[in-house]
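The values are calculated or read from the model by the stated rules, or taken from the named source; none is laboratory data. What you see is a predicted model; the values in this text were computed from it and never measured. Cβ sites come from the backbone with ideal geometry, for glycine too, and all protein chains shown count toward neighbours.
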Amino acid sequence: MRVGVAAARSHVLAALIVPFMVACGSSSTGPNQGLTAAELAGTYDLVSITFQGSPPLSPPAATGTLTLTLTDYKVTLSLPPDAQEVDSGTYTVSGNQWTQSSSVQPVQSVGTAALSHDTLSVNVTTAGMQVSNVWKKQ
């Protein structure tokens with residue numbers, strides 16, 4: 001579905017975080033404790049990204065890197081057929097609730113995040129589109 005992927009590109013980075021229909025609220029620190037920015041800080045490699053209604057994309061077809069500090073994010077994605085997307089901005093996490101605001105596009109994304117060992121999953125809605133991402137910490 002090139003049409004779905006192409007339409008999603010304008011919001012992919014703003015919708016970065018990425019994922020998903022994955023369990024929410026779990027954390028490497030315990031099932032009843034919320035996620036913290038300190039726990040999430042680091043650099044991650046893309047495992048998969050799914051745009052609403054499209055099949056998941058994963059390496060080698062799609063690649064990417066997500067860097068999280070205590071307050072900021074930066075994401076770089078390479079999506080078929082040869083598109084390079086870069087976005088950055090701020091994010092907050094409270095429990096399993098994720099909010100991010102792009103400094104590149106006038107878009108805010110809201111959803112959930114889950115961390116299991118070194119795998120971060122984010123499921124957000126932005127501009128009416130659901131985007132699911134899975135990242136593995138480097």
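Apart from one condition, SER54 fits all of (1) in contact with a Gly (Cβ under 6 Å, 6 or more places away or on another chain); (2) surrounded by 19 or more Cβ atoms within 10 Å (Cβ to Cβ); the exception is (2).
The numbered conditions (1) under 15 Å from THR119 (Cβ atoms); (2) modelled with pLDDT under 95 are all true for GLY34 except (1). Looking at this structure, is VAL104 without any contact (Cβ under 8 Å) to a residue 24 or more places away in the chain, closer than 26 Å to THR36 by Cβ and surrounded by fewer than 18 Cβ atoms within 10 Å (Cβ to Cβ)? Answer is no for this residue. Only a single criterion out of (1) closer than 17 Å to PHE51 by Cβ; (2) in contact (Cβ under 8 Å) with a residue 24 or more places away in the chain; (3) crowded, with 16+ Cβ neighbours inside 10 Å is not satisfied by SER78, namely (2).
Restricting attention to the range 62-85, does a residue exist that is modelled with pLDDT of 95 or more, in a loop (DSSP other than H, G, I, E, B) and in contact with a Leu (Cβ under 7 Å, 6 or more places away or on another chain)? Checking the range 62-85: at least one residue is modelled with pLDDT of 95 or more, in a loop (DSSP other than H, G, I, E, B) and in contact with a Leu (Cβ under 7 Å, 6 or more places away or on another chain).
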